[in-house]
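First up is the structure itself, then whatever we jot down about it.
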Amino acid sequence: MDETWMIFLSPENGLYPKNVARLAEDAGLRTKETCFGVLVEGEPGAVGRFMAGLKASYPVYVKKRAFSIEDTVICASTFRKQPEEQSFPLWLSRYAGQIRRYTS
């Protein structure tokens, strides 16, 4: 099963999300740029090697993420009040994606 890691970046260290995403994709990993940095997902060994190399070269903070890269809710602010005409809860697509990930 794939692992997902969050990489938190600061522009002061000279590393930008698009650069990290390109490095990760060259290593065969999936990426998603976010407001805080990059999400990186792939096989546990490949992600671990990439994170070790990145942390050795740059002062970055990384954290393992419980949800996959397909998860549509990145920031808590994306939860919003549900419109009256919408009949399904906003969180339903998030959990449907997780069910697909863990049952495939």
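The values are calculated or read from the model by the stated rules, or taken from the named source; none is laboratory data. Predicted model, so just to flag it, every value in this text is computed and none were measured. All Cβ positions, glycine included, derive from the backbone under ideal geometry; neighbour counts span all protein chains shown.
Of these, 94, 49, which one is at pLDDT below 80 and of a type in the set (Lys, Arg)?
Details: 49 fails: at pLDDT below 80.
The conditions single out 94.
When you scan segment 1-53 for strands (runs of 3 or more DSSP E) that lie fully inside it, which ones turn up with 3 or more residues that are over 20 Å from residue 67 (Cα atoms)?
Of the strands (runs of 3 or more DSSP E) lying wholly inside segment 1-53, none has at least 3 residues that are over 20 Å from residue 67 (Cα atoms).
Is it fair to say residue 36 is at pLDDT 90 or above, of a type in the set (Phe, Trp, Tyr) and surrounded by 11 or more Cβ atoms within 10 Å (Cβ to Cβ)?
no
Looking at segment 28-43, can you tell me whether even one residue there is free of Cβ contacts under 8 Å to residues at least 24 places away in the same chain and touching a Phe, Trp or Tyr at 6+ places or on another chain (Cβ under 7 Å)? Show your work before the answer.
Quick first cut of segment 28-43, residues free of Cβ contacts under 8 Å to residues at least 24 places away in the same chain only: 28-29, 33.
Among the residues that remain, those that are also touching a Phe, Trp or Tyr at 6+ places or on another chain (Cβ under 7 Å) are: 29.
Looking for residues that are free of Cβ contacts under 8 Å to residues at least 24 places away in the same chain and touching a Phe, Trp or Tyr at 6+ places or on another chain (Cβ under 7 Å), one finds at least one in segment 28-43, hence yes.
How many residues does segment 54-73 contain that are part of a strand (DSSP E or B) and over 16 Å from residue 9 (Cβ atoms)?
Number of matching residues: 1.
I'd like to check something: does segment 56-72 contain any residue that is modelled with pLDDT of 90 or more, among the small types (Gly, Ala, Ser) and closer than 24 Å to residue 7 by Cα?
There is at least one residue in segment 56-72 that is modelled with pLDDT of 90 or more, among the small types (Gly, Ala, Ser) and closer than 24 Å to residue 7 by Cα.
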